[in-house]
Amino acid sequence: MGSFFTLVSIENTKLWKRLSTKIMLIIMIVIIIAATGIFKYYTVSQKVTNTISVSENWKQELQKNVDMQKIQLKQAESDTNKRAKVLIGMTKKSIAEGEYRINNNIKPESSKSVWLRSSEFATNAGYGGIIALLLIISCSALVAGEFSEGTMKMMISRPYRRWEILTSKLLAIILYGLVLLVTTFLLNFIMIGIFFGFNDMGIKEMMWTSSSIIYISAALKTAIIFGLNFLQVLVYVILAFAISAISRSRSIATGFSLFLLLVGSNIAQLLAMYFSWGKYLPFGTSNFSTFVTVGATIEGTSLAFAIGLSAIYSIVFCFAGYVVFEKRDI
């Protein structure tokens with residue numbers, strides 16, 4: 001076991017010795033600083049207000065809204081139009097939040113907390129997709145790149161099993177991904193706080209779990225959203241890892257993985273919306289954070305279903321990569 005951790009340390013060192021690894025981290029930092037700065041400039045130039053007017057009769061108004069949404073939910077559930085089905089999960093989430101506020105006397109906030117603003121901005125800015133893009137490039141370089149560079153033969157000649165070599169590379173990529181995730185989480189929070197204020201640091205917020213509402217700290221909710229985004233990233237990283245091990249071509253691994261990330265996932269999600277069998281496709285329900293922030297956009301799915309299905313596909317991808325790597329001559 002000690003030798004395996006040594007191998008992981010070696011792969012991690014090799015990864016960080018690459019100039020591209022450091023440059024990608026710097027690029028991520030620059031993107032976050034620039035994006036939050038531009039967002040601040042936009043809000044100032046367009047005089048966007050940060051406060052929300054809350055009526056003294058908010059309970060009565062919220063109850064009317066809930067009653068109207070229940071009618072809309074029944075109509076959507078009985079509607080044969082597939083587009084109407086998209087609204088079912090969102091409407092259920094909105095109804096549950098409204099009823100929870102009324103039953104627990106939780107008045108709507110007059111302004112967004114730094115945590116809510118931070119998680120919303122990170123989602124809208126697409127930081128998860130950027131991290132996935134950077135990790136796919138790193139994964140292709142660390143796995144497929146070593147075939148083209150000829151260094152994989154040196155690794156095989158050492159007293160390590162093939163599965164240990166491949167696993168150490170995967171763990172090194174995941175560790176790099178965690179560095180990018182933590183950097184994004186902290187820097188995005190700090191920049192949003194600097195530009196918009198560190199207000200309501202200890203506030204609690206509601207979180208939808210696909211079936212009920214839980215009331216937790218806003219900090220924990222934000223961390224969960226970032227964590228779910230990272231789980232989605234891992235699905236694409238594992239796919240890139242498997243393709244790299246199978247194809248042994250850096251260009252094929254990078255190109256095909258990026259195609260699935262940028263195009264294939266959108267196609268799978270559209271098929272999942274319009275066909276009942278579509279929800280079982282790879283990447284059709286892999287946008288995990290939307291189950292918490294928006295609600296299920298695909299009928300008959302939940303967060304547990306999405307994570308479970310993606311876990312199965314990830315295992316299949318890994319299995320295929322390991323089998324080919326074990327059997328094929330280097």
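The values are calculated or read from the model by the stated rules, or taken from the named source; none is laboratory data. Source: prediction; values computed, not measured. Note that each Cβ is placed from the backbone with ideal geometry, even for glycine, and that neighbours are counted across all protein chains shown.
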**Asked** Just to be sure, is PHE283 of a type in the set (Phe, Trp, Tyr) and at positive phi?
**Response** yes
**Request:** For segment 159-179, state whether one or more residues are touching a Ser or Thr at 6+ places or on another chain (Cβ under 9 Å) and closer than 30 Å to PHE195 by Cβ.
**Result:** yes
**Fill in**
Residue hits (segment 309-321; closer than 30 Å to ARG161 by Cβ and either buried (at least 17 other Cβ atoms within 10 Å of the Cβ) or without any contact (Cβ under 8 Å) to a residue 40 or more places away in the chain (or both)) are SER310, ALA311, ILE312, TYR313, SER314, ILE315, VAL316, PHE317, CYS318, PHE319, GLY321
**Request:** Tell me, yes or no, whether segment 106-117 has at least one residue that is surrounded by fewer than 16 Cβ atoms within 10 Å (Cβ to Cβ) and part of a helix (DSSP H, G or I).
**Result:** no
**Request:** For segment 45-53, indicate whether the set of residues that are surrounded by 12 or more Cβ atoms within 10 Å (Cβ to Cβ), modelled with pLDDT under 85 and touching a strand residue (DSSP E or B) at 6+ places or on another chain (Cβ under 8 Å) is non-empty.
**Result:** yes
**Message:** Please list, ordered by residue number, the helices (runs of 4 or more DSSP H) wholly in segment 1-84 having 2 or more residues that are free of Cβ contacts under 8 Å to residues at least 60 places away in the same chain and over 28 Å from GLY193 (Cβ atoms).
**Reply:** 2-17, 58-78
**Complete:** Apart from one, (1) outside the structural domain of LEU181 (by TED's automatic domain parsing); (2) under 24 Å from ILE243 (Cα atoms) all hold for MET154; the odd one out is (1)
**Asked** Mind checking which residues of segment 100-114 are touching a helix residue (DSSP H, G or I) at 6+ places or on another chain (Cβ under 6 Å) and either more than 28 Å from PHE189 (Cα to Cα) or polar (S, T, N, Q) (or both)?
**Response** ILE102, SER113
**Prompt:** THR301: over 15 Å from the mean Cα position of the chain (by Cα) and more than 24 Å from PHE259 (Cα to Cα), yes or no?
**Reply:** yes
**Request:** Take segment 204-257 and flag every residue that is among the small types (Gly, Ala, Ser) and touching an Asp or Glu at 6+ places or on another chain (Cβ under 7 Å).
**Result:** ALA218
**Item:** Leading residue by the ranking (modelled with the highest pLDDT) among those in segment 118-160 that are in a loop (DSSP other than H, G, I, E, B) and over 14 Å from the mean Cα position of the chain (by Cα)
**Value:** VAL143
**Asked** Out of segment 221-264, which residues are small (Gly, Ala, Ser) and crowded, with 22+ Cβ neighbours inside 10 Å?
**Response** ALA240, ALA242, SER244, ALA245, ALA253, SER257
**Prompt:** Based on what the data block shows, is LEU166 part of a helix (DSSP H, G or I) and in contact (Cβ under 8 Å) with a residue 24 or more places away in the chain?
**Reply:** yes
**Any hit, segment 119-126, residues being assigned by TED's automatic domain parsing to the domain that holds GLY177, surrounded by fewer than 19 Cβ atoms within 10 Å (Cβ to Cβ) and of a type in the set (Val, Ile, Thr)** = yes
